[in-house]
Amino acid sequence: DLLYLRDMLAEQGGSLANLLRSISLYYCAAYFKLGHSAVPVHDPVCVAFALDPSLFTTREVRVDCETTSDLTLGHSAVDWVGQSGKKKNCRIVTAIDTGKFYRMFLNAIKSFDESVSSSASSNASTTGKRKASESEESLPPRPVCQGPPTCCNEEERRKRAEKPNVRVGVGVIVVREGHPGKVLVSR
């Protein structure tokens with residue numbers, strides 16, 4: 001969840017950490033406006049998978065993308081139980097080791113900040129830790145999620161306080177055959 005990472009970035013400090021925290025404010029606010037109480041980290045999860053697939057649990061399934069219906073154009077239909085009888089053609093991520101993912105992400109940011117800090121140690125104001133009380137634009141109140149119970153269930157999140165909520169959100173990009181330049185995105 002990006003909200004958890006934003007807190008960790010503030011605690012960690014550093015120029016890149018502070019920049020990421022600052023620019024993620026709009027992204028978080030947009031998710032809140034849509035009624036979500038958790039904010040997925042799509043791109044960092046994809047990069048983490050490319051760097052270390054062992055962080056993820058995957059499953060081989062059949063996936064077909066709808067390309068003809070006006071109503072469901074771009075929809076990814078997943079055959080979880082093999083009832084179509086078609087050959088499996090996709091590996092889908094079903095779980096992530098959140099602790100390892102967070103450590104990988106934060107260590108990468110820290111490593112960058114330390115390399116910048118050592119080459120420009122005179123600029124201490126950009127590498128210092130940001131205090132929680134420091135003024136910045138604040139997020140709107142976190143809404144009660146209107147999604148399915150597994151989406152943003154606050155009670156479940158409280159029970160798993162040691163394991164913050166990361167929803168895997170790897171996007172599937174589909175280009176519709178015969179329609180150059182028209183890209184359909186489905187998750």
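Rounded to the nearest 0.05, what FRET efficiency do Arg59 and Val116 give with R0 = 35 Å and r taken as the Cβ-Cβ distance? Could you check?
Details: r = 40 Å, r/R0 = 1.13.
About 0.30, to the nearest 0.05.
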For the pair Ala108 and Glu66, the simple spin-label estimate (label points 7 Å beyond Cα toward Cβ) gives in nm 3.3
Quick tally, 1.4 Å probe accessible area for Val47, Val39, Val116, Val63, sorted with the most first, runs Val47, Val116, Val63, Val39
For Cys90, the residues 5 or more places away or on another chain with a placed amide H closer than 5 Å to its own amide H are Val61, Val63
Descending packing, highest mean Cβ count within 10 Å first, for 9-16, 21-28, 84-91 is 9-16, 21-28, 84-91
Rh_Kirkwood(region 48-108) over Cα pairs, Å, one decimal, evaluates to 13.7
Square roots of five times the C-alpha gyration tensor eigenvalues of region 18-122, ordered largest first and given in whole Å, equal 36, 20, 12
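The values are calculated or read from the model by the stated rules, or taken from the named source; none is laboratory data. All figures in this text were calculated on a predicted structure; none of them were measured in a lab. Cβ sites come from the backbone with ideal geometry, for glycine too, and all protein chains shown count toward neighbours. Side chains included, ligands, DNA and RNA excluded: accessible areas come from the protein's heavy atoms. Shrake-Rupley method; radii C 1.70, N 1.55, O 1.52, S 1.80 Å.
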